[in-house]
Amino acid sequence: MSKRYDLVGRKFGRLTVISKGKVVKQKTTWHCRCECGNDVVATTGNLNAGLKKSCGCMHRDSARKVGQARFIDLVGQKFERLTVIRLIKNAKSYTLWECQCECGKRTRVRGNDLRTGNTKSCGCLNVEAAREEGKKHVDKILANMVENTNLGKIDSKIAKNNKSGVKGVSWNTRRQKWEAKIMFQGKRYHLGAFDSLEEAAKARKEAEERLFHPILKKYGRDPK
């Protein structure tokens, strides 16, 4: 073999040619060893043209350097209630940080969630928001409570699961009857079982006029 084409011992980038390989599709191949220890096969053309300089580790190292250049250290920074304590993991697609919340708890949060504001606490903000919403609901109920009666309930719309179209009227499958009921001042009144929906609706309306209308008028509500 001409020394000109004998590449054994020659170095191309991180690759050192170890031995000649097979001819594949009329192209001579060479067994090479990379500086990182991996073996790889390359053609004469790719080696001479500089298209093959490593087993692939050069690309990985370059990508790692780019990633490190883009890396932003968040330690010490504060995001709403969270203060970043330390880096937990720097993965290819995300970074994970340990954070101290103002409430005293520690939590792990992705860097992107911190920067975009998706995560603002260990979860205590959501708990407080739910507690506040619950308090508003209770306050609303108390504001409507008079004489052990919730005026808001009296004025409320028909429930979505009501199949009769009339408040307080439902079909009793076992008895095969329409039943009418009404709740007033903490007590449930059974108004009867009827063969027709019209009869049950009439009984319910009469009960509303007898029980609901007086207290609604008393507290300035318009009976509907």
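Here, each number is a calculation from the coordinates, and none is a lab measurement. Since the structure is predicted, the reported quantities are computational estimates derived from the model, not experimental observations. So basically every Cβ, Gly included, is an ideal-geometry build from the backbone, and we count neighbours across all protein chains shown.
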Problem set entry | Restraint check, Lys157/Lys177; Lys140/Lys217; Lys136/Lys202; Lys140/Lys181; Lys120/Lys160; Lys140/Lys202, Cα-Cα greater than 27 Å | Lys136/Lys202; Lys120/Lys160; Lys140/Lys202
For this session: Quick one: which residues, 5 or more positions from Phe79 or on another chain, have an amide H under 5 Å from its amide H? H modelled 1.01 Å from N in the peptide plane, none for Pro or chain starts.
Result: Val84
Seminar exercise, completed: Once amide hydrogens are built 1.01 Å from N within the peptide plane, the residues lying 5 or more places from Leu191 or on another chain with amide H under 5 Å from its amide H are Ala180, Lys181, Ile182
Seminar exercise, completed: Here the range 6-22 yields Karplus 3J(HN,Hα) values (6.51, -1.76, 1.60; θ = phi - 60°; whole Hz; Gly and Pro given as x) of 8, 9, 4, x, 7, 10, 10, x, 8, 9, 10, 6, 9, 7, 7, x, 7
For this session: Please compute the net charge surrounding Asp139, taking Lys and Arg as +1 and Asp and Glu as -1 over other residues with Cβ under 15 Å from its Cβ.
Result: +2
For this session: Give the cross-link partners of Lys25 among the lysines, using a straight C-alpha distance below 28 Å as the criterion and excluding same-chain residues fewer than 8 apart.
Result: Lys3, Lys11, Lys52, Lys53
Exercise. What ³J(HN,Hα) values, in whole Hz, does the Karplus curve 6.51 cos²θ - 1.76 cosθ + 1.60 give for the range 93-101 when θ = phi - 60°, with x put for Gly and Pro?
Worked result: 9, 7, 10, 10, 10, 8, 10, 9, 8
Seminar exercise, completed: For the range 178-183, in residue order, the Karplus 3J(HN,Hα) values (coefficients 6.51, -1.76, 1.60; θ = phi - 60°; whole Hz; Gly and Pro = x) are 8, 10, 10, 9, 8, 10
Seminar exercise, completed: Excluding residues fewer than 8 positions from Lys153 in its own chain, the aspartates and glutamates with Cα under 17 Å of it are Asp139, Glu208, Glu209, Asp222
For this session: Would you grab the residues whose amide H sits under 5 Å from the one on Arg10? Only those 5+ places off in sequence or on another chain, please, with H modelled 1.01 Å from N.
Result: Val17
Problem set entry | Normalised convex hull volume, the chain, alpha-carbon set, Å³ per residue | 308
Seminar exercise, completed: Exposure proxy check on Phe71, Phe79, Phe194: fewest-to-most Cβ neighbours within 10 Å is Phe71, Phe194, Phe79
Exercise. Any idea what the alpha-carbon Rg over 2.2 N^0.38 Å comes to for the range 147-218?
Worked result: 1.11
Exercise. So what is the calculated 222 nm ellipticity per residue for the chain, using -39500 (n - 2.57) for each DSSP H run with n of 4 or more, over all residues, to the nearest 500 deg cm²/dmol?
Worked result: -10000 deg cm²/dmol
